[in-house]
Amino acid sequence: MIERRFMLFVAASGLAALANFCSRILFSHVMAYVYAIVLAYMVGMATAFLLNRTYVFKDAGKPLGHQLSWFVAVNMLALLQTLLISLAFTHYVFPWFGMLFHPEAIAHALGIAAPAVVSYFGHKHLTFRITKEPHP
């Protein structure tokens, strides 16, 4: 059975990913792809922190400073993963397959999705440090 907290995390992450993805498209009109990915990731990260702190891990007892510093640390690793996957697919995998249909958008979507499970456990055990799950 999938735990309720994980499902809430997936919903919050989906909204944050949408903010990330949509803002990257907008940023790409005025800056290079890599910079747009990084800036959009910051938009998604802020969205994710607010949603996770408010709805997913609201019972976490750690101070805001602790949560924020761990949230940024976990997400910097996820940003690196997002960048590597997005760039690898854009510059190597898709050209090798001859894929021409929105390669940057699809690669970015794959990059955003890649760190989901690792991020959940990082935030659960480091950022918000939930030690005991509530009973349903």
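The values are calculated or read from the model by the stated rules, or taken from the named source; none is laboratory data. Because the structure is a prediction, the values reported are computed rather than measured. Because the Cβ atoms are built from the backbone with ideal geometry, glycine has one as well, and the counts that use them run over all protein chains shown. Heads up: the accessible areas ignore ligands, DNA and RNA and are worked out on the full protein's heavy atoms, side chains in. Shrake-Rupley method; radii C 1.70, N 1.55, O 1.52, S 1.80 Å.
Things worth noting here:
- When the surface is traced with a 1.4 Å probe over the full set of protein chains, V34 keeps roughly 60 Å² accessible.
- Filtered chymotrypsin sites (Phe, Trp or Tyr not before Pro), the range 1-102: DSSP coil and at most 12 other beta carbons within 10 Å: F101
- When R5, R53 are compared by accessible area of protein heavy atoms, the largest-first order is R53, R5, using a 1.4 Å probe.
- Kirkwood Rh, Cα atoms: Rg over Rh of the chain: 1.02
- Accessible area per residue for the chain, computed on protein heavy atoms with a 1.4 Å probe, is 60 Å².
- For the chain, the carbon plus sulfur part of the accessible surface works out to 75%, probe radius 1.4 Å.
- List L80, L100, ordered by accessible area with a 1.4 Å probe, largest first: L100, L80
- Charges were assigned to the Cβ only: +1 to each Lys and Arg, -1 to each Asp and Glu. The resulting dipole of the chain about its Cα centre is roughly 420 debye.
- Counting 0.36 nm for each residue step from L100 to A88 and taking away their Cα separation leaves a gain of 2.8 nm.
- Sites H66 and V10, calculated FRET efficiency, Cβ-Cβ separation with R0 25 Å, nearest 0.05: 0.55
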